[in-house]
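Only the coordinates and a few stated rules stand behind these numbers; no lab work does. Model, not experiment: these values are computed from the prediction. Heads up, the Cβs are rebuilt from the backbone with ideal geometry, glycines too, and the neighbour counts pull from every protein chain shown.
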Amino acid sequence: MGSAETAGNTRLRSARQALGLRSQQQLAEAITRAGLGIGLRISITERTVRRWESDNPPWPHPDHQAAIEHLFGRPVTELGFTPPWAGDEPDSPQTAASPTIAASAATGPLAVFPKRALSDPLPGSVAADYIAITSAYRHMYWAVPPAQLHDTVAAHVKLGAGLVASVPDAARRSLAAAVAESSLLAGRIEFFDLQNPQQAQASLVVALQAAQDAHDSLLGSAVLAHMAFIPAFSGDARRAEEARDKIRAARQFARRGSGSPEMLAWLDAVEAETETRFGDTRKALQLIRHAEDIYATEEPRPSPTWLDWFSPVRLAGFKGNTLLADRQPGPARETLQGVLDHLPEHAVKQRSVILGDLAAVAVREDDPDEACRLAELALDQLARTWYATGMARVRAVRASLSPWESLPCVRRLDERLYDWNTTINALAG
């Protein structure tokens, strides 16, 4: 028994005892609560803690790592965990002041971040330059092919995470916020454009931790709401509560940050999309009406500059899709056509989605010619700017056209859907 007390991960055990947690079970419960406090639905067991306090503790899962660091207020590298990319390099007391970003991202697709601050401090202007580039990427998202933009944005996240510890204190929070926005953008590309939810989850965890370092509750809310999309789009009804839990956390963070009416309306739209995908279209339409009321009655207040993916027109797009799912093709068509008429010229990605939904309405109305025409228009948009979410809509329409396989319009659609460019884009995306 005496050797068991001195062996194993003494750093984590000492930190646990310093918090007054006398058993591994108590630590498991504390980490679970800490995760819930930052919007992560996790459940740590005593067995997991026992492994973490063993001689060779495994590197924690990103969500577990975020909760551990939130509980103890320091990076897991100071708690006896050795990252798999570290090799034989010893820990250093000069570990970055914002290591939560670096450590978590290194476990995912964003690769390795520097473990130490630079020896010479950087001027505060570096943060301003980084923020300017972040803003440029935000605008480029709507036009640049996602596969090309993604790698650049991911590298930008790594760069920013490595710089946070080296800028003056006055610039640190704003730089961390820009890292959070950049990692959120990476996650958006991975999920909506490239359809890689696992990679998106890792990027969103990084974004959440960076938002925490920036003390930016609204960014945290945006990240948590995007996390809700992952289980919502999974097609697994057993993940409904997981999605709803993320939305509840997002709403709490938005209240904490005094979210603008537009931010609150967007959260209604996210929840409506979630409920639509889990079959509760009645609740979804109630949420959309509430969001419409917010736009109609609330005194406008400025939204964060990064909230550029939502507007009354985008809300109507959510509504049209929900009406379609609720088997109201007439109102759905009217709503979606209004969206199509009012979308800005640069909204190519969203236009492909709306055209796909209009094509699905035509299928519901037993009009295969119109469905094929609209699906081909959606493919025209996808040829300009690839968007995996838009292609998913087109493929769903094509599947629903199976009763009309022999019609010339369906064969023509297949010619477009399975030409060289579209097929390669679909496989690459």
Subject >> Cα→Cβ-extended label distance, 7 Å offset, between T45 and W142, nm >> reply: 4.9 nm
Original post:
Which of S217, T10, P312 sits farthest toward the positive end of the charge dipole of the chain, with +1 on the Cβ of Lys and Arg and -1 on the Cβ of Asp and Glu?
Top reply: T10
Original post:
222 nm [θ] for the chain, helices only, -39500 (n - 2.57) per DSSP H run of 4+, per residue, to 500?
Top reply: -21500 deg cm²/dmol
Subject >> Sites matching GluC sites (Glu not before Pro) across the stretch 245-350 that sit in DSSP coil, with at most 10 neighbouring C-beta atoms within 10 Å >> reply: E345
**OP:** Quickly work out the H290-to-T423 label distance, labels modelled 7 Å from Cα along the C-beta direction, and quote it in nm with one decimal.
**Re:** 4.7 nm
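Kindly state, to the nearest 0.05, the FRET efficiency for S400 paired with H346, given R0 = 35 Å and r defined as their beta-carbon distance. Don't skip to the answer; put the middle values down first.
Numbers: r = 30 Å, r/R0 = 0.85.
So, using R0 = 35 Å, E works out to roughly 0.75.
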Original post:
Which ordering of D151, D326, D169, D245 is given by a fewest-first count of other beta-carbon atoms within 10 Å?
Top reply: D169, D151, D326, D245
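Rounded, prolate or oblate for the stretch 272-357? Axes are the square roots of the Cα gyration tensor eigenvalues, ordered a ≥ b ≥ c, and the cut-off for rounded is a/c under 1.5.
Working: a/c = 1.77, a/b = 1.17, b/c = 1.52.
Taking the square roots of the gyration eigenvalues as a ≥ b ≥ c, the stretch 272-357 is oblate.
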**OP:** Once you have a ≥ b ≥ c as the square roots of the Cα gyration tensor eigenvalues for the stretch 2-82, tell me rounded if a/c is under 1.5, and otherwise prolate or oblate according to whether a/b is larger than b/c.
**Re:** prolate
Subject >> Listed residues A207, L36, W142: farthest to the positive end of the dipole of the chain (Cβ charges) >> reply: L36
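With the Cα gyration tensor of the chain giving a ≥ b ≥ c as the square roots of its eigenvalues, does the rule (a/c under 1.5 for rounded; else a/b larger than b/c for prolate; else oblate) give rounded, prolate or oblate?
Details: a/c = 1.98, a/b = 1.87, b/c = 1.06.
Prolate shape, in that a/c is at least 1.5 and a/b is the bigger ratio.
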Original post:
How much length, in nm to one decimal, is gained on full extension between E299 and E365, taken as 0.36 nm per residue of separation minus their Cα-Cα distance?
Top reply: 19.8 nm
**OP:** Scan the stretch 285-353 for trypsin sites (Lys or Arg not before Pro) in coil per DSSP, keeping those whose Cβ has at most 11 other Cβ atoms within 10 Å, and list them by number.
**Re:** R327
